[in-house]
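Read through the structure below, which is laid out as structure tokens, and then see the notes.
The values are calculated or read from the model by the stated rules, or taken from the named source; none is laboratory data. These numbers come from a predicted model, not from an experiment. The protein model used for the area step is the full one, side chains on, heavy atoms only, and it has no ligands, DNA or RNA in it. Shrake-Rupley method; radii C 1.70, N 1.55, O 1.52, S 1.80 Å.
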Amino acid sequence: MKDTTVINADVVKDLAPTGKLRASINLGNIVLAQGTPDAPRGITVDLSRELARRLGVPVEFTCFDAAGKAFDAFKAGGLDIIFLAIEPVRADEIAFSEPYVLIEGVYMVRKDSPIKSNDEIDRAGVRIGVNLKSAYDLFLSRTLKAATLVRGDDGIAVFAKDGLDAAAGVKQPMAIYANSHPEVRLLDGRFMEIRQAMGMARGRETGATYLRAFVEEMKASGFVADALKRSNQPDAVVAPAAR
């Protein structure tokens, strides 16, 4: 992508203070990244590389298998940008852009489950497997009144191993699992819209302003849509322009 914009030195200092852009990649979400830690690919990898190119610095990837682990590493330092769903408890630490892609959080139940709809989930005695500190874990922790969350590194695995009533997660990997496990089914509809955004540490407003503008340009130019298409993620939706 051709770009003739001259980058302010303060932007580079805010986003890449060590002279390289240190980006977190969550391989646990197949919408955002695929491949291996040695050779990651996908929308988040493409956005990181394009941002680094514009800043005139190399990019360094650190890969994780879960969003919660990426967030913990980000808080500990050593990372410049992170790709996470916007959630209030994260916003204390992270200056988020507007979302670049929207994905769905859905429930999965056993095929013979009496639960037929999302509205029937939040009841006493219902146990739901979730990935620890994922966006949907945080969302359901805020919104569920009666059901119980059972957290683990892999919410689907916890659901299957412990005989839980449901699993909650990102639609795409849940659908892949359901397609190969006829004993389960997805409930229709979504229980949440997951707003995936880029973020950086708070307190660096020059860089944060640039990052927000960068994301808006990437959406408007078709960069995000093209990257999703290349990584075979047709069900992911490019987020609308910021208002």
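In whole percent, how big is the carbon plus sulfur part of the accessible area of the chain, probe 1.4 Å, protein atoms only?
Working: 5700 of 11440 Å².
Reported share for carbon and sulfur atoms: 50 percent.
Can you tell me the accessible area per residue over the chain, all protein chains present, probe 1.4 angstrom, in square angstrom? Mind showing how you got there, number by number?
On the way: 11440 Å² over 243 residues.
Per-residue value: 47 Å².
Evaluate the relative contact order of the chain (contact order divided by residue number), counting alpha-carbon pairs under 8 angstrom at least 6 apart; express in whole percent. Please report the intermediate quantities before stating the final value.
Details: 466 pairs, mean separation 63.6, N = 243.
Relative contact order comes out at 26 percent.
Counting pairs of alpha carbon atoms under 8 Å apart in space and at least six apart in sequence, what relative contact order in percent does the stretch 1-66 give? All intermediate terms of the calculation are to be shown ahead of the outcome.
Values: 86 pairs, mean separation 26.1, N = 66.
Reported relative contact order: 40 percent.
By the gyration tensor of its Cα atoms, with a ≥ b ≥ c the square roots of the eigenvalues, what is the shape of the stretch 190-243: rounded for a/c under 1.5, prolate for a/b over b/c, or oblate? List each step's numbers first, then the result.
Working: a/c = 2.24, a/b = 1.55, b/c = 1.45.
Cα axes put the stretch 190-243 in the prolate bin.
For the stretch 175-243, what's the relative contact order in percent, using C-alpha pairs closer than 8 Å and at least 6 residues apart? It would help to have the intermediate numbers written out before the result.
Working: 24 pairs, mean separation 14.5, N = 69.
Normalised by residue count, the contact order of the stretch 175-243 is 21 percent.
Calculate how many DSSP beta bridges within the chain are antiparallel, expressed in % of all such bridges and rounded to the nearest 5. Display every interim value, and only then the final one.
Details: 25 of 39 bridges.
Percent antiparallel among DSSP bridges in the chain is about 65.
Percent antiparallel among DSSP beta bridges with both residues in the stretch 1-142, to the nearest 5?
Values: 3 of 10 bridges.
Close to 30 percent.
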